[in-house]
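Reading through the structure tokens given below for one structure.
The values are calculated or read from the model by the stated rules, or taken from the named source; none is laboratory data. Just so we're clear, the structure is a prediction, and the values are computed from it rather than from any experiment. No Cβ is skipped: glycine too gets one built from the backbone with ideal geometry, and neighbour counts run over all protein chains shown.
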Amino acid sequence: MFLSNFLIIGQQVLVLFILIAIGFLCGKGKMMTEHAAKVMTDIVLYVVTPCVMVAAFQREFSWETLGKVLIAAATAVVIMAVSVLVARLALRDRDIARKKVLQFAVIFSNCGFMSLPLQKELLGDDGWFFGSIFVAVFNIIVWTYGLVDMSGDKKQLSVKRLALNPGLVGALAAVLLFVFGVQLPPVILQPVTHLANLNTPVPMLIIGFYLSQTDFKKAFSDKGAYLGCLFRLVLIPLAAAFAMVALRLDRTMIIAYTIACAAPTAATTTMFATKFNRDVNLSVSVVATSTIFSLVTMPLIVSLIWMLA
């Protein structure tokens with residue numbers, strides 16, 4: 001049973017890594033440039049991600065489903081809060097620039113780019129639905145706590161930043177359409193769905209490009225990156241998954257959230273580290289190593305929880 005699940009999940013993860021490999025080759029072959037990667041990232045963040053949210057919530061309203069949304073949102077908040085606590089208690093460094101990067105890398109997974117495609121493939125629309133709720137909570141926390149903690153400046157937090165956050169705007173629009181029972185006509189829903197489907201190939205190409213720009217010799221020589229990977233890829237996802245199983249939460253949500261928690265470090269880590277003059281080399285190391293190691297850890301952990309849930 002475990003081996004069968006491992007092979008099925010491993011195959012889906014491998015599909016994502018093949019797409020990442022194509023992005024890697026495009027980067028090495030100069031077919032894809034840093035400017036192109038930034039433009040593609042903006043398209044994913046400002047167009048694709050909101051469409052993912054809207055498409056996922058295009059379902060018939062019921063009080064039962066609304067209850068699931070509230071439970072899922074609360075669960076995501078608890079997981080993120082515990083991740084913050086663990087990171088702050090366990091990851092310490094005299095160098096404040098390294099400490100901030102390590103803590104951020106452990107707290108925030110690549111739950112949008114890496115998780116949503118896998119949730120969609122393994123669990124269908126319901127997995128995508130729960131995954132979108134997790135991403136919505138992630139966006140709120142990364143642009144509030146994450147922004148202030150990495151920058152060390154509370155002035156970075158503003159209502160304007162939250163109001164313009166594409167993930168948050170998309171989530172709000174999706175929830176409002178769902179609560180008021182608004183079903184988009186096919187002529188609108190089909191383009192939204194087509195754009196949402198880009199959330200699998202385009203982010204993988206972007207990740208592959210940035211890996212192609214990584215000095216792997218340097219990336220794999222930083223011990224801090226390995227410590228970050230241990231917490232990000234193993235300890236936090238297992239703790240979250242076993243807690244959800246023990247509480248007997250919705251099975252689809254458990255698996256979807258396990259996938260989100262088991263994802264490698266968010267690429268946002270490097271973006272924020274660069275913007276706020278933190279340890280950029282360490283951020284690249286932990287993003288690169290966690291992405292590579294997740295090829296093994298994600299199938300193992302998700303297969304185990306698939307069997308237990």
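Scanning the range 68-105 for residues that are touching a helix residue (DSSP H, G or I) at 6+ places or on another chain (Cβ under 7 Å), loosely packed, with under 15 Cβ neighbours inside 10 Å and either free of Cβ contacts under 8 Å to residues at least 24 places away in the same chain or not hydrophobic (A, V, I, L, M, F, W, C) (or both) turns up 88, 92.
Scanning the range 223-254 for residues that are touching a residue at least 24 places away in the same chain (Cβ under 8 Å) and either basic (Lys, Arg) or in contact with a Leu (Cβ under 6 Å, 6 or more places away or on another chain) (or both) returns 224, 228, 232, 245, 251, 252.
Quick one: would you say residue 193 is at pLDDT below 95 and either within 23 Å of residue 300 (Cβ to Cβ) or out of contact with any Cys (no Cβ under 9 Å at 6 or more places or on another chain) (or both)? Criteria not met by residue 193.
Conditions (1) closer than 29 Å to residue 279 by Cβ; (2) among the charged types (D, E, K, R); (3) in contact with an Asp or Glu (Cβ under 7 Å, 6 or more places away or on another chain), marked per residue:
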{"residue": "121", "(1), (2), (3)": "no, yes, no"}
{"residue": "126", "(1), (2), (3)": "no, yes, no"}
{"residue": "139", "(1), (2), (3)": "yes, no, no"}
{"residue": "151", "(1), (2), (3)": "yes, no, no"}
{"residue": "192", "(1), (2), (3)": "no, no, no"}
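Filtering the range 179-214 to residues that are of a type outside the set (S, T, N, Q) and within 14 Å of residue 291 (Cα to Cα) leaves 203, 204, 205, 206, 207, 208, 209, 210, 211. Criterion applied to 48, 15 was being within 30 Å of residue 161 (Cα to Cα) and either touching a Ser or Thr at 6+ places or on another chain (Cβ under 6 Å) or of a type in the set (A, V, I, L, M) (or both), and the one residue passing it is 48.
Would you confirm, using the coordinates I've provided, whether residue 259 is crowded, with 23+ Cβ neighbours inside 10 Å, β-branched (Val, Ile, Thr) and farther than 24 Å from residue 36 by Cα? So residue 259 fits the description; yes. Of the helices (runs of 4 or more DSSP H) contained entirely in the range 12-114, those carrying at least 2 residues that are acidic (Asp, Glu) and either more than 26 Å from residue 243 (Cα to Cα) or modelled with pLDDT of 90 or more (or both) fall at 34-43. Evaluated against (1) within 28 Å of residue 252 (Cβ to Cβ); (2) modelled with pLDDT under 90; (3) loosely packed, with under 15 Cβ neighbours inside 10 Å, residue 155 falls short on exactly one condition, (1).
If you filter the range 268-294 down to residues that are surrounded by fewer than 21 Cβ atoms within 10 Å (Cβ to Cβ) and not basic (Lys, Arg), you find that the one that is modelled with the highest pLDDT is 293.
Exactly one residue out of 270, 252, 265 is more than 18 Å from residue 107 (Cα to Cα) and not aliphatic (A, V, I, L, M), and it is 252. Looking only at the range 295-305, decide whether some residue is in contact with a strand residue (DSSP E or B) (Cβ under 9 Å, 6 or more places away or on another chain), at pLDDT 90 or above, of a type outside the set (Lys, Arg) and buried (at least 24 other Cβ atoms within 10 Å of the Cβ). The answer is no; no qualifying residue exists. From the set of residues in the range 217-236 that are of a type in the set (A, V, I, L, M, F, W, C) and either farther than 23 Å from residue 91 by Cβ or buried (at least 19 other Cβ atoms within 10 Å of the Cβ) (or both), which is nearest to the chain's Cα centre (by Cα)? Checking each candidate, the answer is 233.
Checking the range 184-193 against the condition returns no match, with no residue being touching a residue at least 60 places away in the same chain (Cβ under 8 Å), in contact with a Phe, Trp or Tyr (Cβ under 8 Å, 6 or more places away or on another chain) and over 23 Å from residue 87 (Cα atoms).
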